[in-house]
1. Tell me, A:ARG98, A:ARG39 in order of fewest to most beta-carbon neighbours within 10 Å?
2. Using amide H atoms built 1.01 Å from N in the peptide plane, name the residues 5+ places from A:MET119, or on other chains, whose amide H lies under 5 Å from its own.
3. Given contacts defined as C-alpha pairs under 8 Å and at least six residues apart, what's the relative contact order of region B:178-250, whole-number percent?
4. Can you compute the charge dipole magnitude of the protein assembly as shown about its Cα centre, using +1 on each Lys and Arg Cβ and -1 on each Asp and Glu Cβ, nothing else charged? Give it in debye, rounded to the nearest 20.
5. Compute the separation of the alpha-carbon centres of region B:8-36 and region A:131-146 and state it in Å as a whole number.
6. Along the axis that rotates chain A into chain B, which residue of chain A has the nearest beta-carbon, and what is the gap in whole Å?
7. List the trypsin sites (Lys or Arg not before Pro) in region B:358-399 that DSSP assigns to loop (not H, G, I, E or B) and whose Cβ has at most 16 other Cβ atoms within 10 Å. Which are they?
8. Would you please name the GluC sites (Glu not before Pro) within region A:354-424 that are DSSP coil residues with at most 15 other C-beta atoms within 10 Å of their C-beta?
Protein chains: 2
Amino acid sequence: MKIEMICTGEEVLSGQIVDTNAAWAANALMDHGIEMQQRITVGDRLDDLVSVFQERSHHADIILVNGGLGPTSDDMSSQAMALAKEVPLIENAIWRRRMEDWFTRNGREMPPSNLKQAMLPESAVMVDNPVGTACGFRVKLNRAWLFFTPGVPFEFKQMVNEQFIPFVKSLADSHIEVAVHKLLTIGNGESVLANRLENLTLPGGMTLGYRSFMPYIEIKLFARGDDVIEQLPETVSLVKQVLGDCVVAENLDSLAGVIHQQLLAQGASLSIAESCTGGMIASNLVALAGSSAYLHQGLVTYSNESKVKVLGVDPATLDDHGAVSIATVEEMAKGVRNILDSDYALATSGIAGPDGGSEQKPVGTVAIALATKSGVYSQMLKFPARSRELVRSLSTAVALDMLRRELLQQPVIVDYGSYHRFPK
Amino acid sequence: MKIEMICTGEEVLSGQIVDTNAAWAANALMDHGIEMQQRITVGDRLDDLVSVFQERSHHADIILVNGGLGPTSDDMSSQAMALAKEVPLIENAIWRRRMEDWFTRNGREMPPSNLKQAMLPESAVMVDNPVGTACGFRVKLNRAWLFFTPGVPFEFKQMVNEQFIPFVKSLADSHIEVAVHKLLTIGNGESVLANRLENLTLPGGMTLGYRSFMPYIEIKLFARGDDVIEQLPETVSLVKQVLGDCVVAENLDSLAGVIHQQLLAQGASLSIAESCTGGMIASNLVALAGSSAYLHQGLVTYSNESKVKVLGVDPATLDDHGAVSIATVEEMAKGVRNILDSDYALATSGIAGPDGGSEQKPVGTVAIALATKSGVYSQMLKFPARSRELVRSLSTAVALDMLRRELLQQPVIVDYGSYHRFPK
């Protein structure tokens with residue numbers, strides 16, 4: 001079965017916004033074992049839309065169309081589809097009532113421009129959008145079902161998950177169940193991970209996929225068919241054995257999520273003192289609703305004066321060992337933990353670059369410490385220094401992983417693979 | 001002239017990576033007044049590549065092809081182009097020597113797999129890539145010039161700027177100069193800005209464009225032709241007059257950039273105390289190399305205890321006014337400035353949501369203060385509360401803008417438009 005996507009909208013084509021819907025949809029489909037064949041991005045020109053709908057309808061079985069269902073003059077997906085199929089636009093009474101109710105509930109009168117959103121090509125099958133005024137629909141033209149979805153990411157995602165994917169499955173030749181297990185890793189590039197997993201013989205019907213988003217590489221194990229799905233847990237544990245400590249989360253999108261869960265569950269508190277990471281560790285946690293329950297404070301003590309005055313680092317330590325050192329970062333962690341007697345504290349100090357490196361401590365050198373009520377763990381690592389952003393995000397990941405391992409009662413300091421650890 | 005783009009690569013199609021090259025290229029072309037008509041994304045399947053090259057070559061004048069020029073087996077753009085044109089692949093001696101030199105300079109032997117990167121379709125015109133081993137080239141097929149570029153963003157951007165855009169201009173019917181002026185705004189949605197600028201009569205040959213990237217809307221003024229370019233400064237100042245205080249930067253990508261320049265130039269220092277923004281203000285500045293010269297510290301004092309203990313906020317203030325209040329945020333700003341006697345200090349405290357709001361202080365309520373050596377400015381605003389991320393990034397933008405205005409000796413507190421300000 002051939003599946004394609006057509007993304008509409010001048011702002012997507014012209015790069016005013018990056019098309020995250022397309023990447024998200026391809027990923028969501030892949031999680032169900034469904035592959036996309038091609039994607040076309042077109043602007044808001046009626047002729048272009050009509051011709052691309054007609055042309056692709058001869059080649060694909062299902063076409064996911066995104067955008068152009070709004071009330072303004074540059075929203076023309078419905079009109080273009082009617083022209084492509086040479087049928088009139090007809091008002092959908094159900095959707096019109098739905099919109100009127102929606103506006104009434106929100107205490108507003110429906111502007112006449114919204115009426116347009118109830119006009120669907122004749123023969124279109126309405127697709128419900130419970131979270132917006134843009135009506136989804138699907139139309140058969142030539143070989144293809146064209147499935148129209150709203151551009152607003154929130155509405156789009158819900159419609160894809162709840163309506164589009166079940167629709168694709170209902171059309172698929174055979175109803176094969178697909179299960180996915182995701183492993184989040186840090187510390188190795190995609191090619192290194194692929195090499196290590198190369199010699200693993202996977203059961204037939206099971207495949208591996210990779211997705212890279214800084215600072216993580218996500219490994220996905222796809223199992224197709226009930227027999228294969230049964231073998232998934234065993235294969236997952238085999239893969240985890242091969243990869244070892246670089247696996248930092250399962251079926252989760254970030255390390256911060258694991259820590260958030262654990263700190264809430266354990267009722268423990270956290271303080272953070274950051275230098276080179278510059279607030280990124282705190283920001284990762286503050287992004288999660290409810291983090292105020294455990295996060296006492298996150299201090300970016302960027303200057304030496306601030307390390308001394310706010311955290312109580314001994315000026316002699318800074319003089320003898322430098323700001324980027326095991327000794328300093330341990331005092332930072334202990335100092336920030338002490339202020340409010342938090343259960344845990346993390347601290348980082350390093351050289352994010354592009355300047356500030358030396359032969360002994362090149363750009364990418366970062367010291368990281370975790371203080372608990374009973375002691376302190378620390379390590380100094382050399383990260384790849386391709387960019388300031390990369391050094392900061394890798395340091396953040398390792399710091400969070402040290403805390404994660406402590407919370408799960410695992411050894412705190414481990415080898416991830418490609419990060420070089422300085423001798424203590 | 002019709003220009004299209006073909007993006008190749010399974011990882012782009014399947015959403016393993018978001019296609020930022022495409023958006024970047026469309027934007028870069030737009031800055032030269034060149035519009036893209038359509039974009040197609042295809043995976044690494046030889047048949048698909050050949051047929052899309054052939055099919056589009058009848059419709060477009062220039063096709064920018066991105067990706068598939070590497071040394072591995074799934075890099076097949078060159079081979080696909082040769083098949084599409086029905087010509088053989090021929091080794092390009094210049095490029096082979098270039099690669100061998102490159103490897104020699106880096107003290108390595110060239111792996112045989114790299115030889116593939118010197119194999120170009122017969123009749124291809126080589127396009128230089130001074131920063132990588134992937135050779136660019138262009139080939140004429142039917143109506144179109146297909147212009148092949150590497151997928152690595154760094155190499156791609158250089159080739160587009162230095163080779164592709166001049167090539168497009170050389171083919172353009174007339175050589176019209178294009179100038180662009182960009183205004184970064186906060187505080188108003190795109191439709192509000194568009195409404196306000198609607199009644200402005202622009203000189204013929206001048207157009208407006210919008211780009212939205214949280215928390216900013218960027219307005220671009222394009223001028224085509226020398227006569228029109230001459231009128232650009234006058235029009236820019238007219239537009240700025242209409243938009244007023246919501247313009248926060250010109251020809252820059254972020255507010256942090258302006259502050260970075262100004263603090264460095266004035267030799268002034270900064271401390272930050274953040275609550276709801278959770279380190280985002282500090283992170284924005286730490287992202288810029290050299291920020292350690294002025295950033296003393298950025299303290300995320302998330303808990304009340306931390307506000308009292310670290311910043312010296314009076315517990316009575318917290319009791320009487322609450323953490324989200326003008327009184328508290330002013331004491332936070334003064335407190336964090338005092339620690340190291342910094343020239344300036346910023347502080348935020350607010351309700352990022354989704355929980356924690358009340359009738360009096362709903363989600364999206366944020367108090368912001370700027371302390372200087374001579375006093376404190378503060379305001380409490382109600383931001384749109386669509387997401388935690390949005391509230392945090394709008395608060396960060398307003399805090400940075402207060403400092404920017406102070407550094408430029410402008411009134412610190414102004415109306416941006418759609419943010420509601422609480423009476424003090």
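Values quoted throughout were computed directly from the atomic coordinates according to the rules given, and no laboratory measurement underlies them. As the structure is a prediction and not an experimental result, all values here were calculated from the model. Note that each Cβ is placed from the backbone with ideal geometry, even for glycine, and that neighbours are counted across all protein chains shown.
1. Details: A:ARG98 18, A:ARG39 27.
Going from sparsest to densest Cβ surroundings: A:ARG98, A:ARG39.
2. Those qualifying (amide H under 5 Å, at least 5 residues apart or on another chain) are A:ASN92.
3. 47
4. Here the protein assembly as shown has a charge dipole of around 660 debye.
5. 26
6. A:GLY279, 1
7. Those that pass, being in a loop and sparsely packed, are B:LYS373, B:ARG386.
8. Sparse-neighbourhood loop GluC sites (Glu not before Pro): A:GLU359.
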